[in-house]
Each structure stands twice: as C-alpha cells, then as structure tokens.
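The values are calculated or read from the model by the stated rules, or taken from the named source; none is laboratory data. In this text, all values refer to a predicted model and were calculated from it rather than measured experimentally. Glycine also receives a Cβ, built like all others from the backbone with ideal geometry; neighbour counts cover every protein chain displayed.
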Amino acid sequence: MPFSDGGEGALDVLQQHVAGTLNYCSTRDPLGRPIEAPYFRFKDQPTAWVELSQTAGLQNLTPEEYNPYETNTYGTGLMILHALEKGCTSIILGIGGSATHDMGSGIFSALGGRIFDQEGNTIPPNGRNLELIKRLNNNELYIKNKSWDLTIACDVSNPLLGVNGAAHTYAKQKGARPEMIERLEAGSAHFARVIEQHFGRTITALAGGGAAGGVAAGLYGFFGAQLQNGFDLLASHTHLQTQIDAADLVITGEGRYDQQSDFGKLPQRIITLTQKKQIPTFLFCGSIEAKNTPRPSHLLGIEKIKPDTMPLDEAMKNAASLLEKKVSDTLTHYKNNPS
C-alpha cells in the first residue's frame, strides 16, 4: 500500500484507495510555463485534494532552474480555482516538494488577489518581490461561494521565520545561495507585516507556517486556512488503521533512517499504528545514520538494504532487487531465530 505524508505521492494513494477521480486542468509550472496537471476529486463530497508539487514542485524543474527568487505558486492557485469553479467547496492542499518561496502570493494572485509595490504598480508574485510588496487588494478575490474552505496538509512544525524557518531550513535545497537566503528571510518578515495589516492575522508564530516556502503561513493570512497533519488526513481517508489491524506483519521503510526519522516521519507513524496491537513490524531503508535508541518490542528490526561495498548510484538502480533479497533474508533469519 503506497503511502504519503500528505505531500508528494498523495494523489497515488488516494487514487488507489479512495473513491474519486483525477481531474486534469491547464495550469503553470513554477516558472510560468503552461502544463497539464491533475488533482483528486472525491466522489461523494465536494472536496478536492490538490498536490502543490504537481504545479509548483521541484519535479517540474531541472536542477539548473532551481531559483526561489523567480519561482511561484501561481499554477497551484489556477488548479484550486479550477476545482472551485467545478463545484468544490472544500480544498485540501498538500504542500510537500515545493520549488518556491513566495508565501503563497502566487496562489493569492491566481485567485484574483493583487499585490502592489511602493509606486502602486502590480508586481509578479515570487520570492524576489516579497520585500517590495507594500499593499494588497482582495476586492476581486474568488469569493463567489463564501463557504469554501481551505485545509493545508502539512507534516512539519517549522515557523515562517528564524533559524528553523522557511528560508534558513528549506531555501538552500531550492537553489538559494547564502545571500539569497538572507534576502528571503527579510522579505518574508516584511510581507508577513503587510498581510497582518491587511487581513488582521498574525502569521509569524504559526506552527508549520514555514512549510513550502511560507505557503502555509501566507494562506492562513489570506484565507484563514487550517493546518492539519498530512499523514493523519490520508490515514483517515484511506482507513489505514483498519488495514493495519488486519495484518500479521507490516513492512515499511524510507530512503535513509536518521535522527529525523523519530520525529513524525512516515515510517515512525506507521510503527506507532502497529504498536497499538503489537503487530510485528520491520523497517527497511537504504542507509542507517541514526544512533542506537530504544525501540518498541514489536519493531523487530531496522534493516539496511544497501551493501557496504556497493556505490550509492548502483544501489539506487538496483533498489528493487536489493530490497527483495534483504526482506527475504531477514524474514528467513527471523523465522529460524525468533528470539
């Protein structure tokens, strides 16, 4: 059963385990180029799950194009608009894998909002322009159905600003150089003040507000969006606990098991669910870099599939066969040596 923490991969999980359909729409990538991208429409409720990475994700760029100064979430906003115009009144936005740091100003613009500089000129939404924004206009914002609501599927607790904030934690992997990170930090602090003045919502202290280049904080400020744990949302929609409770053995895993793995990452959440009924569980991963810490008795092993002598690129090319062999060897060993 493929699973996700609510970001990338969520559409695959929903398509396989929840009644509904993928809807495609014309939209834009992080640099404004035309693309077609899907979102999930639930069958029996006017709800859509929009995956930000489908439009504003790093997956749509080459590494040479990574640049949080220039990228934006406008395409994500177009997808939300499409779902609203098709009759959805509830939007769930999964925000993993973003290539942007525009604090959701692109989404705001796509839904009819306007942003202005000191001279009153409309300016494009992107990371570079955050510090230039002086005024907002939401008179033409999409509010035809005033009851539509926005939920953000978020699996991190980083705030918008500071050493653990959006710029200092995530901007580097999106292509930001050190001096750019400081400009994004300053721009985020400035734009947060503009949002607070216009909408009356303080966004800098919001847990999870730093996710996806400040999208979570910005959308809370613009729309009063609610943040919920992405794993919990998907687990609820797919009845994950029921499926786990029916299992005799659960196998989960991730690319690298490290000190971050114990802080709410997907495999750890699976292990927590299997612990309720003490279902034997194994975790398989590409590499192990965590210190030895106490683990629950039902977690029978944390196993590395990559041979020590094999180069990483070769191991990644042969991941399926390496995983199959490691699982087979591990379960055979456990069967013969259950203690």
Any chance residue 24 is touching a strand residue (DSSP E or B) at 6+ places or on another chain (Cβ under 9 Å) and within 20 Å of residue 5 (Cα to Cα): no
Tally, over region 82-97, of residues that are assigned to a loop (DSSP other than H, G, I, E, B), in contact with a Leu (Cβ under 7 Å, 6 or more places away or on another chain) and not β-branched (Val, Ile, Thr): 1
Residue check for residue 219: modelled with pLDDT under 95, of a type in the set (A, V, I, L, M, F, W, C), under 16 Å from the mean Cα position of the chain (by Cα) and under 17 Å from residue 97 (Cβ atoms): no
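Being of a type in the set (A, V, I, L, M, F, W, C), within 30 Å of residue 202 (Cα to Cα) and part of a helix (DSSP H, G or I) narrows it down to one residue among 79, 103; which is it?
Details: 103 fails: part of a helix (DSSP H, G or I).
That would be 79, the only listed residue that is of a type in the set (A, V, I, L, M, F, W, C), within 30 Å of residue 202 (Cα to Cα) and part of a helix (DSSP H, G or I).
Residues are listed down the side, and each one gets a yes or a no for (1) outside any helix (DSSP H, G or I); (2) loosely packed, with under 15 Cβ neighbours inside 10 Å:
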residue	(1), (2)
284	yes, no
295	yes, yes
308	yes, yes
314	no, yes
323	no, no
Search result, residues across region 62-76 that are in a loop (DSSP other than H, G, I, E, B) and under 17 Å from the mean Cα position of the chain (by Cα): 68, 71, 72, 73
Selected residue [more than 30 Å from residue 113 (Cα to Cα), exposed (fewer than 14 other Cβ atoms within 10 Å of the Cβ) and not assigned by TED's automatic domain parsing to the domain that holds residue 96] from 289, 254: 289
Region 43-55: number of residues that are touching a residue at least 40 places away in the same chain (Cβ under 8 Å) and either more than 16 Å from residue 96 (Cα to Cα) or in contact with a Pro (Cβ under 6 Å, 6 or more places away or on another chain) (or both): 4
From 16, 45, residue being in a helix (DSSP H, G or I), assigned by TED's automatic domain parsing to the domain that holds residue 184 and within 30 Å of residue 265 (Cβ to Cβ): 16
Selection count where residues are outside any strand (DSSP E or B) and touching a Phe, Trp or Tyr at 6+ places or on another chain (Cβ under 9 Å), scope region 31-42: 1
Subset of region 175-224 (residues that are surrounded by fewer than 17 Cβ atoms within 10 Å (Cβ to Cβ), touching an Asp or Glu at 6+ places or on another chain (Cβ under 9 Å) and among the hydrophobic types (A, V, I, L, M, F, W, C)): 186
Region 90-127 - residue that is among the β-branched types (Val, Ile, Thr), modelled with pLDDT of 95 or more and under 19 Å from residue 55 (Cα atoms) and, of those, surrounded by the fewest Cβ atoms within 10 Å (Cβ to Cβ): 91
Filtered residue count, region 132-142, keeping only those that are surrounded by 13 or more Cβ atoms within 10 Å (Cβ to Cβ) and modelled with pLDDT under 95: 4
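So, in region 297-339, of the ones that are of a type in the set (Gly, Ala, Ser) and touching a strand residue (DSSP E or B) at 6+ places or on another chain (Cβ under 8 Å), which residue ends up nearest to residue 268 (Cα to Cα)?
301
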Checking residue 274 against (1) over 25 Å from residue 337 (Cα atoms); (2) crowded, with 16+ Cβ neighbours inside 10 Å; (3) of a type in the set (Ser, Thr, Tyr), the condition it does not meet: (1)
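Kindly indicate whether residue 80 is over 21 Å from residue 130 (Cα atoms), touching an Asp or Glu at 6+ places or on another chain (Cβ under 8 Å) and modelled with pLDDT of 95 or more.
Here the answer is no, as residue 80 does not meet what is asked.
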